[in-house]
Amino acid sequence: MKGKFLSGTACAALCLLSFGGTARSATLDDVMARLDKIEKENAELRAKVRTLSAAKPAAPAAPAATEKPKSNPVVHAAVASSPAPVPPPGPRIGGIPVKAGPLAPLIDNTTVTLYGSIDLSADVFNNSVFDQGTKWGVASNISSFGVRVRHNLAPYGWDGMAVVAQLESQVDFAAAPNERAAFGTRDSYLGVEGPWGAVKAGKTDTPYKRATNAWDPFSRTLGDYNSIMGNTGGDNRAEFDWRMNHAIWYESPIWNGLQFSALISPGQNYARDNSDYAYGDYFQCNGASTRGSGSNFPGTGGAVPGNIGGNGCTDGSYGNAYSAALNYKNGPFTAMAAYELHEGVNRHGDDGLQPGLIAPVFLADGSQVFTGIHNEWAAKVGGGYRFNDGIGDLQFYSYYEWIRREVTPIEQPFNERSRDGVYASVTQFIGKQWSVSAAYTHAFRTPGNPAMLSVNDPVLAPAATLQANLFDDSANQYTIGARYYFNDWASWYIVATELTQGPGAHYCLGASGHGYQVCGRDAANDTIGGATIKAATTGMTFNF
């Protein structure tokens, strides 16, 4: 053991001499002199260790005379998982202070973890629109890379506590990256955790979203349940399946299978009607997808000139937001309840009545559209059960969702943001390698709709349109698929899905997690009402 120690110190000394300024021309005598000095320091440190070990009030019982010691009592008897801090200056090794006791590690109590998830798929789809036909594509689906840090505070007198941080980025493996792939665009935070739970600040998926994240076996694919669930008006944005910026949240510990989480996100908007950007956000309206629907990014169609004061955040931008969830898991049974509120949601983009750009919108029957600025909220309850049916484990999930926009009676005929939805899925596990799943999602009809939708006709479109609030805008999604698990980290999947909808509906596939969305739109980007959208996708997922 002593030989190994001297070899290590010799290596350290030689390294120092190799890189140390004027010491590059040092002789062998210089090296040996330094080694002698280090050995003397080590001897003094060993003497201190023996003194500290001998001073302990109780020592482990000595082994019997015929029994060989299992380990060196001097080296190992004083080791502790969370040693108490030693007042400065304390012992030093190689000039580096030992943080917490003479035998503690030389480094600080910080763990850094690199992690990520890669999901790539090849898709084939048909949106049934007259000028589109069958297409195929390659997508990177919620692929990400992150750094997670945990700094243990127990050695410094804060038992059971730690500082935690995370930086996570989207990675566009198959698409040209933009600011969506900037470092820190996904869940990123700084916080403190302890026996009482954790408090964090930054950006994160809301408790409402997390409450059922694991319930969808087709997450990330074109069969993702966010085509309907959490999606207030269709299109390519699920407003209640969201990652919120500038947020503070609490996560409780698990008590007998029960866990509570709550989040608040200040609107911090320049405008009272939430029509501007929030403080710290640019080209990004609160509650809008990056460069997408409601973002006011130049060239997105709804953008207006100017960064601040342009009143361009009129497609779902909201003020303060609140989210909470209660999850329960005990053995085979799972249950959840969740609620989320968005204050002052600006929908003037539907009625054209935003300040400075007043251009009222009228439907074909002459009625003027009123959508205004109102609170929107969602709630959901559901449960799951898992049991072995002889083939393998069989997992059921189901939940019911209420989405509401608190409008006045005059606005109700144009309220496409209030409706109910239902979701159910079943997964059959076969051995350790296979699972087969099926899911059904339904959106009930809304009270109204502010849109004029194009008809799906190559002769009449785009001149002919239909008034959406005069037609059924309910929708159904049917999805089946299978997954093969190479191990716990890598898997292959195949999924097929179909979205059918009433003439007044305009939902999309892949609205939340897929690399792109498939909507019922023609080459001129006109929305076709009631399009039936079909897709099949196969891909691989690798988590590390």
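Does ASN456 meet the test of being within 10 Å of GLY504 (Cβ to Cβ), crowded, with 18+ Cβ neighbours inside 10 Å, assigned by TED's automatic domain parsing to the domain that holds ARG419 and not acidic (Asp, Glu)?
On the way: within 10 Å of GLY504 (Cβ to Cβ): no; crowded, with 18+ Cβ neighbours inside 10 Å: yes; assigned by TED's automatic domain parsing to the domain that holds ARG419: yes; not acidic (Asp, Glu): yes.
So ASN456 does not fit the description; no.
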### Message
Here is a list: GLY382, GLY366. Which entry is closer than 20 Å to THR334 by Cβ, in the same structural domain as TRP434 (by TED's automatic domain parsing) and either at pLDDT 95 or above or not basic (Lys, Arg) (or both)?
### Response
GLY382
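For the range 497-538, give me each residue that is among the hydrophobic types (A, V, I, L, M, F, W, C) and either assigned to a strand (DSSP E or B) or at positive phi (or both).
Passing the criteria: LEU499, LEU509, VAL518, ILE528, ILE533, ALA535, ALA536.
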#### Entry: Hits in the range 364-414 (condition: surrounded by 15 or more Cβ atoms within 10 Å (Cβ to Cβ), among the hydrophobic types (A, V, I, L, M, F, W, C) and over 29 Å from ALA211 (Cβ atoms))
VAL369, PHE370, PHE414
### Message
As an exercise: evaluate ALA139 against (1) touching a Lys or Arg at 6+ places or on another chain (Cβ under 7 Å); (2) assigned to a strand (DSSP E or B); (3) surrounded by 23 or more Cβ atoms within 10 Å (Cβ to Cβ) and give the number of the one condition it does not meet.
### Response
(1)
### Query
Name the residues in the range 272-283 that are part of a loop (DSSP other than H, G, I, E, B) and in contact with a His (Cβ under 9 Å, 6 or more places away or on another chain), would you?
ASP273, SER275, TYR279, GLY280, ASP281
### Query
If you check ASP473 against the conditions, is it over 29 Å from ILE430 (Cα atoms) and modelled with pLDDT of 95 or more?
yes
### Task
Find the strands (runs of 3 or more DSSP E) located wholly in the range 408-496 whose residues include 3 or more that are closer than 29 Å to LYS380 by Cα and in contact (Cβ under 8 Å) with a residue 12 or more places away in the chain, and list them.
419-430, 434-443, 475-485
### Query
Could you list, in sequence order, the residues of the range 199-241 that are of a type in the set (Lys, Arg) and crowded, with 24+ Cβ neighbours inside 10 Å?
ARG220, ARG237
### Search result, residues across the range 237-271 that are part of a loop (DSSP other than H, G, I, E, B), in contact (Cβ under 8 Å) with a residue 24 or more places away in the chain and touching a strand residue (DSSP E or B) at 6+ places or on another chain (Cβ under 9 Å)
GLU239, PHE240, ASP241, TRP242, SER252, PRO253, ASN256, GLY257, PRO266, GLY267, TYR270, ALA271
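Conditions tested, residue by residue: (1) part of a strand (DSSP E or B); (2) touching a Leu at 6+ places or on another chain (Cβ under 8 Å); (3) touching a residue at least 60 places away in the same chain (Cβ under 8 Å); (4) buried (at least 16 other Cβ atoms within 10 Å of the Cβ).
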{"position": "GLY146", "(1), (2), (3), (4)": "yes, yes, no, yes"}
{"position": "PHE183", "(1), (2), (3), (4)": "no, yes, no, no"}
{"position": "LEU190", "(1), (2), (3), (4)": "yes, no, no, no"}
{"position": "GLU193", "(1), (2), (3), (4)": "yes, no, no, yes"}
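The values are calculated or read from the model by the stated rules, or taken from the named source; none is laboratory data. What you see is a predicted model; the values in this text were computed from it and never measured. Glycine also receives a Cβ, built like all others from the backbone with ideal geometry; neighbour counts cover every protein chain displayed.
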